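A quick write-up on the structure given underneath.
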Amino acid sequence: MDIPTLFLIIALTNILLAVAMASMADQPGHDAMGPWSLAALVNAGAYLGFIWQAHAGHPLLLVVSNVMVAAWLALVGEGFQRFYQHPWPRWILWIPLPVMLVGLLALLDNLPGRAILVAILLSYQTIVILFMVLRNRHDTPGRGQVIIVISLVVLLVLLGIRALMAGLGGMDRMTSILQANALQVLTFQAGLLAMILLALGVIVMTHERTGQVLAASERRFRMLFEESRQPLTLMDQAGFFTAANPAALALFHLQQPDQLIGRPLTDFTPPMQPDGRLSIDHAREMRRQAPTLGGHECEWQCRRGDGQPFDVLLMLTAIQYEERPLLHVAWSDITRRKAAETQLRINEEKFRTFVEDANDVIYTLNLDGTFQYLSPNIRELLAQEPEDFLGGHFAAIVHPDDLPACQVFLERLLATRSKQSGLEYRVRHGTAGWRWHVTNASPLFDKDDGTIIGMLGIAHDITERKQAEVRIMHMAHHDGLTALPNRSLLFSRLDQAMGRAGEAGRMLALMFLDLDKFKPINDTHGHAVGDLVLKQVARRLMSSVREADMVARIGGDEFIVMLPEIRQMEHALIVAENIRQSLQEPFCFDGLELSVSTSIGIAIYPEHGRDSRELAQYADIAMYHAKQGGANRIRVYAPDLGTEGA
């Protein structure tokens with residue numbers, strides 16, 4: 001194949017790649033496709049310029065085409081910066097362009113010199129891009145990243161071959177870049193393959209990131225779905241339940257998920273709704289409106305598993321989950337609210353009798369937020385007297401931090417002239433501090449002219465649910481056995497501590513601890529005894545460090561100790577020796593006397609690393625060498641330890 005034909009194929013291939021990447025640029029998470037698409041177009045223009053120069057013979061076309069190749073690599077680098085969202089100084093990628101322009105103008109009559117100059121500058125850009133990819137290798141690992149690295153390495157090799165060929169005189173007899181030469185044809189063919197691999201790699205890597213983000217989102221959704229105290233279900237487009245959380249099962253008085261899943265909504269409704277419509281027709285209309293409008297809200301009458309009727313507020317949201325369209329249904333039991341509204345319509349006296357026996361606080365506010373009524377059960381629920389707040393603003397009982405949200409809630413109710421739900425806020429308890437409440441409220445209308453005169457609210461105590469959420473958050477960041485911070489919390493705090501140490505010009509020490517002789521304890525005495533040892537180890541570690549220091553368990557018999565803002569390395573060695581000696585003391589349980597020791601590796605910020613993951617890796621390496629050196633030792637990381645054991 002002659003060189004002009006090969007260049008034409010390279011240009012057309014780049015145009016096709018540019019079109020393909022441009023078609024994906026408007027998809028979420030594909031922002032980098034814009035620069036990459038433009039890079040392919042610029043590269044195509046460069047090779048068309050080489051062909052044009054061969055026919056026109058104008059030397060400036062050769063200069064422009066080579067500069068466009070450098071612009072191609074600069075734009076590829078811009079795309080990676082946008083993909084990783086780690087901006088570098090832009091001149092690092094673009095400085096070769098003016099250098100190449102000046103150099104080529106000076107070497108117009110020297111083909112080997114031009115080839116060497118272009119190869120050196122393009123190699124520099126390729127190395128910068130390769131470094132950028134390798135530095136962010138943990139961002140989106142997968143096949144796409146491997147393909148990109150291979151393509152960049154191939155490109156570097158080809159540029160090296162081309163520079164070597166020019167330096168050894170392989171181009172002395174050539175007068176044009178398009179002059180046929182077996183090695184030249186081979187390098188350009190391999191270059192075409194590298195360009196295709198690079199484009200394929202960025203496309204694959206972009207799709208892999210999208211998949212990773214989607215999978216993580218679905219996992220978070222499933223966790224929140226299952227842990228929510230609000231009854232939640234998923235329903236397919238035919239109206240059949242596909243999932244239900246424990247709160248939803250409790251709402252329906254059902255014991256097992258399969259008592260609900262796989263059955264239609266209408267199995268749990270009376271034939272007719274209170275508004276006179278058939279339940280099956282009403283359900284069909286809800287399923288039709290929700291996907292069209294993105295969501296739907298309505299009141300619905302249901303039957304529990306034991307046949308007991310109840311009223312709910314349904315909030316349907318159309319979602320895509322596990323690659324199929326579903327309806328996410330949030331259920332709010334409004335049976336009491338409906339009963340309260342009915343009683344209110346009958347007469348005020350019956351209403352008062354009802355609210356005095358209710359478990360929720362029922363209240364009315366006028367338009368400026370002043371209490372007009374508070375149910376007497378506020379005495380039992382909040383240890384407060386209703387008379388202390390009647391005629392006063394709700395700010396007197398609501399936590400100051402929650403007042404803006406309450407004000408917005410009231411304004412939205414007045415603006416929409418419709419009921420509002422789900423406002424969560426703290427209210428003052430007479431003897432027990434602050435309690436969390438959730439309120440639903442409806443506007444009150446003047447019976448003569450229909451104007452809004454205030455609002456009726458029902459507030460429910462959700463303090464236990466809020467406390468459970470705090471406990472769940474604590475469990476997500478702490479080890480269940482020792483109550484020490486886990487790996488996630490450790491690295492979050494480590495990043496912050498390294499930032500503070502850097503600002504203060506101090507050092508930070510990270511110790512990686514691995515217990516020696518712990519496995520035989522588990523094997524001989526069982527995991528229950530092993531767990532007791534781990535708890536005692538945690539307590540001894542905590543007693544060996546300062547209050548400002550941090551001890552974390554990262555799994556098994558491995559612990560990490562962080563010493564923030566130390567003045568010198570000797571401080572870390574003193575603490576490590578105290579820990580080592582403390583853990584040498586026997587552990588006694590019910591007549592058993594057990595012994596362990598520990599191997600400790602230490603890495604120092606900023607001497608050994610400025611990145612939290614890197615610092616932890618070096619501490620792990622030092623610990624490995626301490627253990628290999630006979631265990632029960634302390635080892636400080638040094639570069640000559642290498643990466644073995646990491």
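For residue 447, the aspartates and glutamates whose Cα falls under 16 Å of its own Cα, not counting residues fewer than eight places away in the same chain, are 341, 348.
In whole percent, what relative contact order does the range 498-646 give with Cα contacts below 8 Å and a gap of six or more residues?
Numbers: 266 pairs, mean separation 42.2, N = 149.
28 percent.
Dipole check for the range 263-422: with +1 at the C-beta of Lys and Arg, -1 at the C-beta of Asp and Glu, and the Cα centre as origin, the magnitude is about 800 Debye. Rolling a 1.4 Å probe over the protein heavy atoms gives the chain an accessible area of 49 Å² per residue.
Shown is the FRET efficiency for residue 23 and residue 60, computed with R0 = 51 Å from the Cβ-Cβ distance and rounded to the nearest 0.05: 0.90. Helical content alone sets the calculated 222 nm signal of the chain at -17500 deg cm²/dmol, taking -39,500 (n - 2.57) per DSSP H segment of four or more residues and averaging over every residue. The listed residues 203, 120, once ranked by accessible area (1.4 Å probe) with the largest placed first, stand as 120, 203.
Consider a paramagnetic label point 7 Å from the Cα of residue 399 along Cα→Cβ; state which residues of the range 457-481 have an amide N under 18 Å from it. So the set is 459-474. Under a crude label model (7 Å from the Cα following the beta-carbon direction), how far is residue 12 from residue 475 in nanometres? That separation, rounded to one decimal, is 6.3 nm. Helix 279-293 and the long axis of the chain differ in direction by around 40°, with both axes built from C-alpha atoms. Assuming charge only on the beta carbon of Lys and Arg (+1) and of Asp and Glu (-1), the dipole of the chain about its Cα centre is about 1440 debye to the nearest 20.
Once the dipole of the range 359-486 is set up with Lys and Arg at +1 and Asp and Glu at -1 on Cβ about the Cα centre, which of 485, 367, 455 lies farthest towards its positive end? Positive-end residue among those listed: 485. For the pair residue 284 and residue 366, the difference between a 0.36 nm per residue extended length and the Cα-Cα distance amounts to 25.6 nm. Bridging of residue 627 to lysines at a Cα separation below 28 Å is possible for 517, 519, 535, once same-chain residues fewer than 8 apart are set aside. Residues 226, 593, ordered by accessible area of protein heavy atoms at a 1.4 angstrom probe radius and largest first, appear as 593, 226. Using 0.36 nm per residue and subtracting the Cα-Cα separation, the extra length available between residue 451 and residue 272 on full extension is 61.2 nm. Of the trypsin sites (Lys or Arg not before Pro) in the range 426-531, the ones in a loop by DSSP (not H, G, I, E or B) with at most 13 other beta carbons within 10 Å are 447. Residue by residue, the range 526-535 carries 3J(HN,Hα) couplings of x, 5, 4, 5, x, 5, 4, 5, 4, 5 Hz when phi is fed to the Karplus relation 6.51 cos²θ - 1.76 cosθ + 1.60 (θ = phi - 60°); x denotes Gly or Pro.
Sparsely packed loop sites in the range 84-153 (the trypsin sites (Lys or Arg not before Pro) outside DSSP H, G, I, E and B with at most 16 other Cβ atoms within 10 Å) comprise 90, 137. Taking label positions 7 Å along the Cα-Cβ direction at both residue 418 and residue 253, the computed distance is 3.2 nm, reported to one decimal.
For a quick protection proxy, order the peptides 630-636, 38-44 by their average other-Cβ count within 10 Å, most packed first. Write out the running numbers ahead of the final one.
Values: 630-636: 17.7, 38-44: 23.1.
Listed from highest to lowest mean packing, they are 38-44, 630-636.
Listed values for the range 587-592 are Karplus-derived 3J(HN,Hα) couplings in whole Hz (6.51 cos²θ - 1.76 cosθ + 1.60, θ = phi - 60°), namely 10, 10, 9, 6, x, 8, and x replaces Gly and Pro.
In order along the range 512-517, the phi-based Karplus estimate (6.51 cos²θ - 1.76 cosθ + 1.60, θ = phi - 60°) of 3J(HN,Hα) comes to 9, 10, 10, 6, 8, 6 Hz; Gly and Pro are listed as x. Which angle between 0 and 90 degrees, to the nearest 10, do you get for helix 403-416 versus the longest principal axis of the chain when only C-alpha atoms count? Result, in degrees: 80.
Here the peptides 146-155, 94-103 are ranked by packing, the mean other Cβ count within 10 Å, and the order with the highest first is 146-155, 94-103. With an a/c value of 1.5 or above and a/b not larger than b/c for the gyration tensor axes a ≥ b ≥ c computed over the alpha-carbon atoms, the chain is described as oblate. Just the protein heavy atoms count here, and of the accessible area of the chain at 1.4 Å, carbon and sulfur take up 57 percent. Taking amide H as placed 1.01 Å from N in the peptide plane, the amide H of residue 444 sits under 5 Å from that of 453, 454, 455, 456, each at least 5 places away or on another chain.
When each of the peptides 384-393, 507-516 is scored by the mean number of other C-beta atoms lying within 10 Å of its residues, the order from highest to lowest reads 507-516, 384-393. Over all distinct Cα-Cα pairs of the range 1-46, the Kirkwood formula returns a hydrodynamic radius of 10.9 Å. Taking the C-alpha atoms only, the angle from helix 612-628 to the longest principal axis of the chain is near 80 degrees.
The values are calculated or read from the model by the stated rules, or taken from the named source; none is laboratory data. Predicted model, so just to flag it, every value in this text is computed and none were measured. Cβ atoms come from the backbone with ideal geometry, glycine included; neighbour counts cover every protein chain shown. With ligands, DNA and RNA removed, areas are computed over all heavy atoms of the protein, side chains included. Shrake-Rupley method; radii C 1.70, N 1.55, O 1.52, S 1.80 Å.
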